[in-house]
Each structure stands twice: as C-alpha cells, then as structure tokens.
Number of protein chains: 2
Amino acid sequence: MPTLTRFKETRIRKRCGIVLLPALAVLLSLTSASHSCRHREGAFAAYQEATESIRKRGLQEEGAYEILKKITAPGPRLTGSPQAARAVEITLQLMLDLGLDSVHAETVAVNQWVRGEFEEAAVISGPGETTPLSISALGGSVGTPAQGITAPVFEVTSLDELRSTGGGAEGKIVFFNGPMDRKLADPFAAYGRAADQRVRGAVEGAKAGAAAVLVRSLTMRIDGFPHTGLMLYDPAVAQIPAAAVSTEDAEMLHRMLLENPSLLVRLRLSCRMLEPVTSANVVGDIKGTDFPDQIILLGGHLDSWDLGTGAHDDGAGCAHALEALRLLGEAGLKPRRTIRAVMFMDEEFGGTGGRFYARAEERRGEKHLVAFESDRGGFSPLAIAIGGGPGCLKKLRAYAPLFKPLGIREIIPGGGGVDIAPLIESGTVPAGVILDPQRYFDYHHSARDVASAVHPRELELGAIALAVGAFILAQEGI
Amino acid sequence: MPTLTRFKETRIRKRCGIVLLPALAVLLSLTSASHSCRHREGAFAAYQEATESIRKRGLQEEGAYEILKKITAPGPRLTGSPQAARAVEITLQLMLDLGLDSVHAETVAVNQWVRGEFEEAAVISGPGETTPLSISALGGSVGTPAQGITAPVFEVTSLDELRSTGGGAEGKIVFFNGPMDRKLADPFAAYGRAADQRVRGAVEGAKAGAAAVLVRSLTMRIDGFPHTGLMLYDPAVAQIPAAAVSTEDAEMLHRMLLENPSLLVRLRLSCRMLEPVTSANVVGDIKGTDFPDQIILLGGHLDSWDLGTGAHDDGAGCAHALEALRLLGEAGLKPRRTIRAVMFMDEEFGGTGGRFYARAEERRGEKHLVAFESDRGGFSPLAIAIGGGPGCLKKLRAYAPLFKPLGIREIIPGGGGVDIAPLIESGTVPAGVILDPQRYFDYHHSARDVASAVHPRELELGAIALAVGAFILAQEGI
C-alpha cells in the first residue's frame, strides 16, 4: 500500500472539486482551501475530513440497518411476486425521503416462478417406513405430478460422476451429494466449484434418463435448512423437477442408501412458471455538479429468494448503496460526477434487471465510469476492489489510508457481478467492497437469511466504505 | 508487504529444520530437500506445504470448535469456582489426548469471589411503582446489606463528570451512563475509553460519598443483557457495592430520571470475597527438536465470567492454542524450538495466573522467545501482530504470502495481553492474531457469551493462523 509519503509524490491536480453545503461548518475552511488547491494533499485532506464525518455519522446512527429493515419488510421478494412489487414502491419512497435526485422506476419484464401449493419429499425405506426430507424446489424447476414422483435414488457427487456412471440413473431420482469443499479458505471459491450440480443438475440428470434430481444444499454447515437457488433447463433436453435438500438430510440420505440402496424417495413439487409480468429497477441519484452525465453506480438487487427475507442477499447490498448516498447527502457533499443507486430487479433468475438497465432509453447520453455491485451480504469490509487496470488501481490506492480506519487493509484488482455485467461489457469499470466471506453461505438462499442475521455495525462499515470509494471516484474520475 | 521476489533476495539459512513423520508421505520429498537446502526458498516452500496441509485439515475438521465445546462444557468458569477446577482437569486430559509433551498443571493461588444468593435492582418511582432493572454485580464488588441499598440516583457520563460535579452524589447511587463511543471504528478503542467507569467507578463514587454505583454495560448494542467485569477498590477508600446495568435499562433509567429526578433505586447484592483457593495454569508442549528450552508460547485463559460460558472470552483463545498444537501434531511437524500451549487461570481478576507462570520454578532454564496471547474472541483473523521491533516484523513479513490464503492481509507491529505481560516485561516478544473486532463486545462478559455465538470456521481460521505463525517462529527463531 502506498504510504502518505509516496502519496505526496503523486502528481498534482488542478481541481479538487469538493463543494460543501453551508451547514457543514467543520468543512468550510477546507472548502476554500480545496478550491484553490494545486496539489493532491489538499484533496486528500478534504477527503479525510469527509471520510471522518461520514464514518462518525454512519457508525453512530447505523442507518444501513434501518434501510435494510424497510427493504425486507414486505417479506421474501421473489421476482414477479407482490412482495417484490411492494419493495419497488418502498424503495421509491425511501429514495424520495433521502432527497435523491431523479428518483424513478424503470420497467423490466420478468418471468414469474411460483412455488405453489405443495412441496415435500420423503424417504420410503419399507412399508410404513417414511422419513421426511427437508427440501425446497430450485428456482425455475417444473413441478411433479400431483401424486409426486416415487423412484429409487442414484447418488453421485458431481456432474462428471453422473456423466461417467449415468447408465444406472434411468428412471431414478439423481441425488447430487457433492459438498462445498470446506478445505478452501474462500467459501465463494467452494461455492463456484459445487454450484454446477444445482444449476445444471436437472439437464444432466434428464440426459441420463432420470425422473428428477435432488441436490445437496450449497452451504458448508450441516443443518436442517434447504438452500434454494437458480437452476436452468436446456431447450434440447427434457425438463425434470429439481429440489435442494438440507445438508443434514443429504448426509442422512447418504447413510440410509449405504444400508438400503433400493430405498425409494417420493418428491412432490407444485412449482411452475407463470406468464411474464412487469416489474422495475429503481434509480436515484446525487447529481454531479460538474459532469452530471458521468455516473458512479452503486448497485444491489431488490429481489430475493422466498425462503427467508433476503436480508444478506441482497437487502444488504441495497442498504449499502442507499446508506452510502444518505451519508454523502447528510455530510453535505456535492460530488462532481453523479453518484447513483440502482436497485436492480431479478438478479436471482439471471439478471434481467441488469440487462434492461444497460439498454434502457434513459441511458442515452449517460456514461457509466464505475459500477460498484454489492451482492455478498452485509459482513465486515476487508478490502476495496476495482477493475479497469493498473491506472485505476493506482488512483484508488493513493487514498488507501482513508479506508484503513474502517478496517480495510487493501485495495485490490477486482469487482463485478451479475447486475453490472452488461455495463462492464460496454467498458464500465467494475468495483466492489470485499466483505468477510466466511458466514455468507450459512444464510444464502435459505430461511436463515433474515434481518437478525445481519450485524448493524458490520453492515454500516460496508456502506461507509462504499460512500468513501464512490465519492473519491466521483471527484477524481478515472 | 514483501513480495515473493523480495523474499528470494533475503539471506540464506543453513538449515530449514523441518522434520517430518514418516506417515506424512506428501511432505516426504520436501523433507530431504529441506535438509540440504541452502537458501530460504526451500524453507518457504516447505512452510507453504505445511501451511496448506494444516489449513486443509483444520477447515475440514473444525477441531477448534470441538475443543471449545469441551472447555466450555463445565459452564461458567469463574476463578476459584468448582467449574474452573473442572476445566483444569478437562484441559489436562485434552492435552494428554492430543499427545502433547510435559503436560502438567502449575499451582496458582487465586481469590474467590462469589455472586451469592441474590442480586437484584429496581427503580422505585412512587408508592407501588417498581420497575426491575437488569443488573449484575461487578467482579470483586462487596455486597449490600440484606435489605439492599435504596437511594436517589446521581447520573453522570464519566469519572471526570463525577469529579467535577460530585457534590450532589452524597448518599446516592451514582449511575455511570457513559456509552461506548460507537463512532470509533475499533470497538476495543471505545472499550478502552469507557471501561474506567466500571473499573474505578466504585472508588470515585465512594470518594464523592456515594452509597453504591451502577455502571452502564460496556457494549455498543442496546439490549437487555448486563455485562459484568472487573472492578477495583482502593485500600484508602471505603468499599461500596458496584453493579452493571444493561444498556436498555440504562437508557430507560436515564429517561425516567429526566421525568422524575427524585426516583429511588434499590440495589441488593449478596456477592462477596471468600478465602483464597488453589487453582492452576495448565501447560503442554510440542517439544523442540533442536532448542527444547526455547519457547514459543500460545496462551489463552481458562477462567471466565459467570453470566455466560466464556466461549469467546476466552474459550476461543484456549481453543486457538490447543487446536494450533493439534494441527501441527497431526501434520507431523516437529518444530526446532518448543511450541507450548498455556491455559492461564484468573485472567479476569487481574492476571494472577500470568504472574505465577512467569515466576514459577519450572521457568528455570527456559527462554521464552515469543508469546502469542489470544483473548479477543473467535472471529475471522485479519492480521498477524508481532512486537520486538523492525527485525521481528521483517522476519515474519517475509512469510506474509503464507497467511494470505487465510484472509490475513497484513503483518503489523503489536501483540500483548494480560497473561503474557509479565513475560514481555522480561524481554519475551509479544505476538497475536488480530481478529475482526466488530462483534466482540456484543457478547463480552454477558450471558450471550456461549458456544453458539462462536462460528466454527471463523474460530478455526484463527487457530490455523496461529499454528502457521508459531511454526515459522519455532523454526526461524528471532
């Protein structure tokens, strides 16, 4: 990390571009200084003042958690659901209450998948010997007939294993029981390696002639909660039902199969896809004073899975973005470039909102310089990531000391996400606040993902880091 | 942080000193290489193998949490209590089960403070208007008469405020209501600034003529749990009773006092000091192959407060140390210098165990090079701290890349703690694993500090970091 000394050697800038509201007396003297400053020390000092002001207010008020509670108040916000529609209304009002500029919704056409009336599974070991399984249909799955599918079980630990031994899967329920690899220190890496069972399991199962698939939940913990998530079909392959089973019951089923390989599982799912409906992304700005059409975007997604209330995924990301704008506003900071919060709809079913946003009529004349996506929960921030190559990295690293008091020890290359991917394809620089990843998959896509699982202070630190990062980039450009 | 390139430029070492058990086939080829290596690349590569082996086993097995459950099994382990005595027995057996060398207990004479039969407080706002307060006597406090102390309340937010306005405190219950400053990003800094109310409140209250003191619990959260902790008397000042009140009830009492400054509080405490008893530190080694008398110490404390089961404070520290030794043993690593776990007794009442350890007969002929103390909970590790000046820092920083896969982004100057303070005074270099501090005071010294508040994976990462740090120092010396 560059030290302050090294920072002082960096090149001067003509303008520091901090404009302050008269109310912020503490920064007033710095304002006049920064208007005339001819070197980055001035900017640095002003950013430092701004950062401290933001940090103190944020940590004292813990406003991100208040926002989180409002966004999760409608309950689970499955794309296309009435609760998701209610979340759009709440977010519009929240942005207006925060005094944001150009608050509006942008229409998104989304699919609507519903879980329906029933959802159950059980092991049938013999006459009258029925053991229920804790399951949850995967998002996008077709249902079973009303009487369910009852079949023997074919257990594998990966798609590859199914492909190489699939001859025995015909007519059976394929049980993907590959655990997330706990030996990896980064749970997201372990998730990345195991998630193909959930996403592609039904297609590979159908190819092997299976009647349905059960997938071990993607969490490192052994507990009774199924973790749902997206699965995909292939137009060229038959659609068979797919459900997640809790890790506890996956282990139980594994043991039962060792004792009795011919046991049956009965799976009943009423889930189905309805007609597409209209939903919306929600957008609000702090308009830039000098370059209003140059955008620093802070994004999270409003939709969630339906087992919990999507507090970490992604109420936290929404709260991060909105609290960052609130803190900048409360500090009276007027960025040179526009800082925009976008609450995307339908990240979970594949990023419809992100695609609609990137190609919307409203984008005409706008240039998105940087897009931060927060979609990894509400945990303690550890690092700031930025893409765009060494120049962007160096620019932000010059301000690394500002992030240190927040516990952020590194500025690293990185950034990205489902919602901002279409922007990045068009040249926007991705960025993000890297959060402690260890607990994320305890909650992810399960009934445990509720507001009480989010720590108000950890959440707030992320929002503060985002506010500081966005403000610096809004002043400095890239 | 030094890069690998920079590391390669550092000076060669004659011996890398890794001896491996025959069982560890994966490391076998490295062993022969390392015996003949003439430069640090060899050591680095060997440490890297060792680190990976330790990390994989640790994260897969999460043994630290199993150890934590054993240590907390007796329940709260207040110094001098039967549960603390039971924890000594359990730890001795645990060390024997782990196959440690020279497992033994070292006698420590400790005070025994007991909470006694009753403990209660209430606000009396008028005839028949009684509102209970959630309180807990502070450790070391004298009790009240059996009928309690009933007195008006004198509210202040700091010792200084009492000193400057103390004229009105005569005969009253002084209510220290200074909150931990949430605006500080580091909760330990906030704790450090507020803790004097708890530690010195009774002395300053007595000087002002108060009948007793009530102290706002030291946590940033607003909840119903009192957080106890040590308080001290001054031989020259009268001893008055002292209790912590939950933050929720502190805020309530504050509001009630605004409405009715003449309300009364009744405080009844039966706590008292008994005669000193004999307890013990528990010690176990992995004996060094080359320099058995040179010690790298890993310490936690066995005693706890009595409201929870002391899982974060300091079951986690004990589990860190014991799991580190378990992982080194399981990996078949034989350190050149002795790596020792010390489970200290009586950290909470002022570090008796640490003082006894430093001056014990057993220390004759031993040289303690480095002492790690883990006493800040079981959260995700963020950094490694080491004292002893730039040389020690540089030495450990050469191995920074080994810690990176554990999420540890920095090696920084630091280290220390109550238990190892007497060693440090004699020249031992302090060290520590820096953990995420944000949630620690949610649990600290309260009924919430139980095993379910510790995340098995976060705890394990700390133990792995400790194992790696201790092993490198045991091989390299300082």
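The values are calculated or read from the model by the stated rules, or taken from the named source; none is laboratory data. Everything quoted here is computed from the prediction, not taken from an experiment. Counting neighbours? That spans all protein chains shown, and the Cβs are built from the backbone with ideal geometry, glycine included. Note: areas computed on protein heavy atoms with side chains; ligands, DNA, RNA excluded. Shrake-Rupley method; radii C 1.70, N 1.55, O 1.52, S 1.80 Å.
Results for (1) assigned to a helix (DSSP H, G or I); (2) among the acidic types (Asp, Glu); (3) open to solvent by 10 Å² or more (accessible area, probe 1.4 Å), shown as yes or no for each residue.
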{"site": "B:Ser136", "(1), (2), (3)": "no, no, no"}
{"site": "B:Pro145", "(1), (2), (3)": "no, no, yes"}
{"site": "B:Gly168", "(1), (2), (3)": "yes, no, yes"}
{"site": "B:Arg200", "(1), (2), (3)": "yes, no, yes"}
{"site": "B:Gly205", "(1), (2), (3)": "yes, no, no"}
{"site": "B:Gly209", "(1), (2), (3)": "no, no, yes"}
{"site": "B:Leu232", "(1), (2), (3)": "no, no, yes"}
{"site": "B:Pro235", "(1), (2), (3)": "no, no, yes"}
{"site": "B:Ile240", "(1), (2), (3)": "no, no, yes"}
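Filtering B:Gly350, B:Gly332, B:Gly288 for residues that are surrounded by fewer than 24 Cβ atoms within 10 Å (Cβ to Cβ) and modelled with pLDDT under 95 leaves a single hit, B:Gly350.
What are the pairs with Cβ atoms under 8 angstrom where one residue, in region B:368-382, is within 14 Å of chain A (Cβ to nearest Cβ) and the other, located anywhere, is polar (S, T, N, Q)? Sequence gap at least six, or different chains. Short answer, once both residue conditions are applied: B:Phe379/B:Gln438; B:Ser380/A:Ser380; B:Ser380/A:Gln438.
Reported count of residues in region A:37-92, each being within 14 Å of chain B (Cβ to nearest Cβ), open to solvent by 30 Å² or more (accessible area, probe 1.4 Å) and in contact with a Lys or Arg (Cβ under 6 Å, 6 or more places away or on another chain), is 2.
Contact map, region B:182-194: residues that are under 16 Å from B:His227 (Cβ atoms) and more than 10 Å from chain A (Cβ to nearest Cβ) paired with residues that are outside any loop (DSSP other than H, G, I, E, B) and of a type outside the set (A, V, I, L, M), Cβ distance under 8 Å, separation 6+ or inter-chain. Pairs shown: B:Phe188/B:Tyr440; B:Tyr191/B:Phe441. Whenever a residue of region B:95-107 is farther than 16 Å from B:Thr289 by Cβ, its partners that are surrounded by fewer than 17 Cβ atoms within 10 Å (Cβ to Cβ), lying with C-beta atoms within less than 7 angstrom and at least six residues away or across chains, give the pairs B:Val103/B:Leu96; B:Glu106/B:Ala360; B:Glu106/B:Glu362; B:Thr107/B:Thr278. Within region A:410-420, restricting attention to residues that are open to solvent by 40 Å² or more (accessible area, probe 1.4 Å) and not hydrophobic (A, V, I, L, M, F, W, C), the residue that is nearest to the other protein chains (Cβ to nearest Cβ) is A:Pro413. Only a single item in (1) in contact with a Phe, Trp or Tyr (Cβ under 8 Å, 6 or more places away or on another chain); (2) in a strand (DSSP E or B) is not met by A:Ala341, and it is number (1).
Scanning region A:421-450 for residues that are open to solvent by 20 Å² or more (accessible area, probe 1.4 Å), within 14 Å of chain B (Cβ to nearest Cβ) and hydroxyl-bearing (Ser, Thr, Tyr) returns a single hit, A:Tyr443. Every listed requirement among (1) under 30 Å from B:His104 (Cβ atoms); (2) in contact (Cβ under 8 Å) with a residue 12 or more places away in the chain is met by B:Pro405 save one, (1). Using the structure shown, decide if B:Gly300 is part of a helix (DSSP H, G or I), touching a strand residue (DSSP E or B) at 6+ places or on another chain (Cβ under 9 Å), crowded, with 24+ Cβ neighbours inside 10 Å and not β-branched (Val, Ile, Thr). Answer is no for this residue.
You will find that of B:Leu214, B:Leu218, the residue that is open to solvent by less than 20 Å² (accessible area, probe 1.4 Å), of a type outside the set (Ser, Thr, Tyr) and touching a helix residue (DSSP H, G or I) at 6+ places or on another chain (Cβ under 7 Å) is B:Leu218 and no other.
Please go through region B:170-181 and pick out each residue that is open to solvent by less than 30 Å² (accessible area, probe 1.4 Å) and away from chain A (no Cβ under 14 Å). Let's see the steps before the verdict.
Step one: of region B:170-181, the residues open to solvent by less than 30 Å² (accessible area, probe 1.4 Å) are B:173-178, B:180.
Passing the criteria: B:Ile173, B:Val174, B:Phe175, B:Phe176, B:Asn177, B:Gly178.
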